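Some notes on the structure that comes next.
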Amino acid sequence: MPSIYLAGKISSGDWRHDLLGWQLRGAWEHDDDTPSRSWPVIKKGVLDTFDYIGPYFISDDHGCGHGPGTHGCGADGCVPCYSYENLPKRSQVRELCLTAIDTADIVFAWLDDVTAYGTLVEIGYARGRGKNVVVAAPELPHTFEDLSGHGLGIPDGPTNDLWFAFSCATRTLTAQTPREALQQVVNLFPNLESPIEEAFWAAYLQIAPPELNALKPQHPVFGGRYRIDFALPDKKFGIELDGYSWHSSPEAFTRDRARQRELELEGWRIARFSGSEVTKDASDCVRQAAALVARI
């Protein structure tokens, strides 16, 4: 199951608690109010799909741990619920966050607040570590290209000052709430059947060629009798990956050709890549598929 780190502005009872509910409260604590040294993993905690690996917070009904610069762990000028000398210091909190990002398959950032300074660091760190970085907000920032022909006027918008962080994402999304955005993320990271499919999909997400925009994995055809590994249904263009273990027998060879003929009679065009091609250079396979679509 893919693991996910949820970056974004931290506040008491924030959107992460809406997603994880009771599972998040108290997950990073011992009975003596002293947190454990490492963060736990909440299996399938996010939309019953992604393993949640961070960030975690100190549960505190007074909100003492959620000040402007505490990152969910520290006193903030009110009567503390805990003996705060037991809490990790800022350097430890930083290392916990970065360690969680190191282990994440996906780093998702809800970036709708210009004071989310820690989130900016997390996005940059995740990009530098080669992670799948998805940044979402109710509105995406305008780019410099958007301003051409507008004189010196700069469009208003809550995220415009954050364009640099958005440009570091491998995917940007718009949604009204983090939950809605994460439901889109579920479609970006499907459960695939083989390592070569996972490699091809990862390369597709990284390159994001416009010709393959809205590529669908495991697309059913003929009422579900067949599934095409990856497809652009509107264009009737499919991509099949032929792993040796699944396609090497005489029966599989015959079945594959019969299915291909049936698809072609229905107007589909199928690009086939061997498993060894994908293993050697998945990115090149993605680029070739995009070039084929561009020729159609």
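The values are calculated or read from the model by the stated rules, or taken from the named source; none is laboratory data. What you see is a predicted model, and the numbers here were worked out from it, not measured in a lab. Using ideal geometry, Cβ is built from the backbone for each residue, glycine included, and neighbour counts are taken over all protein chains shown.
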With Asp281, Asp256 as the choices, which residue is at pLDDT below 95, out of contact with any Leu (no Cβ under 6 Å at 6 or more places or on another chain) and either in the same structural domain as Ile207 (by TED's automatic domain parsing) or closer than 18 Å to His219 by Cβ (or both)?
Asp256
Any chance region 110-117 includes a residue that's at pLDDT 95 or above, assigned to a strand (DSSP E or B) and not basic (Lys, Arg)?
yes
Can you name every residue in region 158-172 that is buried (at least 19 other Cβ atoms within 10 Å of the Cβ) and out of contact with any Leu (no Cβ under 8 Å at 6 or more places or on another chain)?
Ala169
Are there any pairs with C-beta distances below 7 angstrom linking a residue in region 175-195 that is at positive phi to a residue that is assigned to a helix (DSSP H, G or I), with the two at least 6 apart or on different chains, and if so which?
none
Tell me, which helices (runs of 4 or more DSSP H) wholly within region 193-296 include 2 or more residues that are surrounded by fewer than 17 Cβ atoms within 10 Å (Cβ to Cβ) and under 21 Å from the mean Cα position of the chain (by Cα)?
195-207
